[in-house]
1. Which count do you get for residues in the stretch 77-91 that are small (Gly, Ala, Ser) and more than 27 Å from the chain's Cα centre (by Cα)?
2. Leu94 fails exactly one of the following numbered conditions: (1) more than 20 Å from the chain's Cα centre (by Cα); (2) modelled with pLDDT under 95. What is the number of that condition?
3. For the stretch 233-281, enumerate the residues that are of a type in the set (Phe, Trp, Tyr) and within 22 Å of the chain's Cα centre (by Cα).
4. Being in a strand (DSSP E or B), buried (at least 18 other Cβ atoms within 10 Å of the Cβ) and among the hydrophobic types (A, V, I, L, M, F, W, C) is true for just one of Ile77, Ile57. Which residue is that?
5. Considering the stretch 126-146 alone, what residues qualify as being surrounded by fewer than 18 Cβ atoms within 10 Å (Cβ to Cβ), touching a Ser or Thr at 6+ places or on another chain (Cβ under 9 Å) and either part of a loop (DSSP other than H, G, I, E, B) or at pLDDT below 80 (or both)?
6. Looking at the stretch 321-351 only, could you name the residues that are over 25 Å from Leu167 (Cα atoms) and either of a type outside the set (S, T, N, Q) or assigned to a helix (DSSP H, G or I) (or both)?
7. Is it true that Asp24 is exposed (fewer than 14 other Cβ atoms within 10 Å of the Cβ), at pLDDT below 90, out of contact with any strand residue (DSSP E or B) (no Cβ under 9 Å at 6 or more places or on another chain) and charged (D, E, K, R)?
8. Got a sec? Which of Glu204, Glu188 is in the same structural domain as Arg118 (by TED's automatic domain parsing), touching a residue at least 24 places away in the same chain (Cβ under 8 Å), under 27 Å from Ile76 (Cβ atoms) and among the acidic types (Asp, Glu)?
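The values are calculated or read from the model by the stated rules, or taken from the named source; none is laboratory data. In this text the structure is predicted, and so the values were computed from the model without any measurement. Glycine also receives a Cβ, built like all others from the backbone with ideal geometry; neighbour counts cover every protein chain displayed.
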Amino acid sequence: MTLIASYQRNDVILMIGDLAVSDDKLRDVPIDIPTRFSRFQPLTNSQFCSLQQKIIIVNPHFAVGWSGSRIIARFIIKFLRKNLATPYSADQILRLIEDSGLKPSDLEKVSFIFFLFRPDEEKVEIQDYRTGETIMGHREKVKYAGSGAFHFFDTIAFDILGTDGQLNETEKVIAVFLSRISIVLFEEITTDITHNFYYGGGFEMIGCNGPAKRFEKIPLSYVFWTFDDESLNLCGPIFAQNYTDDVRLIITRLAKDEAGAWQARSFLIRNLLHAHTDDRVPARSRNFDTPFCVHYFIPRTSSANFYLMIKKGDEKGFSIEFSESTNKLKMHVSERFQNEARALCEGRLPA
């Protein structure tokens, strides 16, 4: 079970996928996931069996999101990687799936969203396979598959209070999905709602880098604050995504232990196509400076409501340094960031 989804608006496309893999068999001990870090709030769904990347960049011009049976999905994606010929086309994808030798009953156990890029024409094509689709307007649509689709699209409500600065079309599309992802991440930490829909562990995001003519994953980070009338307090946790040269995902989590000391934990997450035997986290993999960073501002007296502030690129105004030898965290916050955060917490748009 899972959640994969793509969003297309005009010429901009984006795909997201969660990380949790479930099984019909119940485990004696639930797995460890990044969003559960307190012994007082353990993961209770014993059908989760592992963490795995659900969106895969097969090559710079071919990306896929999968849902359903891992074994069948792996077979099909490897079959496509071996037999797909340039120039890529949606018709070729569908024909190869039908010619893969799998039974119709096996094909019913998987769903896919494919991204294809033709650099000669600078054209991006999306092909779905056994997914749902919602058309929201002219040249704007969402495709989705997985048990979490109802929760993600039909139960999450949020209001965008406003934007500051200039956003290009790609950044606007990212903001739409990232807002929902951020709310889901909060629910993962505080409830079992997402886990009851058999997805969780955070989300990945893929976009198309037009100038570079390739698909790329977009690392994300998340920072949790509390606030009252007097101050903002960095309470944690802090999450950051990074990728190794061999496409493994590393999620680094910083959270305070029961004594109030910051502790770092890294999760190494593979994809279906690569069999890695080395589980060591590469040196210098804990980079908290990602292209997009989401800040949660939670009232100190209640966590029923909270505000989100998404910062991008060089405009983030926030950075941290963490010493693993001393477990000390050093924070750098600009005056502008503080003013924007305070305005947001007071229900005002940042000036």
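1. Going residue by residue through the stretch 77-91, those that are small (Gly, Ala, Ser) are 85, 89-90.
The next check asks that each one be more than 27 Å from the chain's Cα centre (by Cα); those that pass are 85.
Of the residues in that region, 1 qualify.
2. (2)
3. Of the residues in the stretch 233-281, the ones of a type in the set (Phe, Trp, Tyr) are 239, 243, 262, 267.
Phe239, Tyr243, Phe267, listed by residue number.
4. Working: Ile77 fails: in a strand (DSSP E or B).
The match here is Ile57.
5. Arg130
6. Just the residues of the stretch 321-351 that are over 25 Å from Leu167 (Cα atoms), to begin with: 321-331.
Listed by number, the residues that qualify are Glu321, Phe322, Glu324, Lys328, Leu329, Lys330, Met331.
7. On the way: exposed (fewer than 14 other Cβ atoms within 10 Å of the Cβ): yes; at pLDDT below 90: yes; out of contact with any strand residue (DSSP E or B) (no Cβ under 9 Å at 6 or more places or on another chain): yes; charged (D, E, K, R): yes.
It is true that Asp24 is exposed (fewer than 14 other Cβ atoms within 10 Å of the Cβ), at pLDDT below 90, out of contact with any strand residue (DSSP E or B) (no Cβ under 9 Å at 6 or more places or on another chain) and charged (D, E, K, R).
8. Numbers: Glu188 fails: under 27 Å from Ile76 (Cβ atoms).
Being in the same structural domain as Arg118 (by TED's automatic domain parsing), touching a residue at least 24 places away in the same chain (Cβ under 8 Å), under 27 Å from Ile76 (Cβ atoms) and among the acidic types (Asp, Glu) holds for just one of Glu204, Glu188, which is Glu204.
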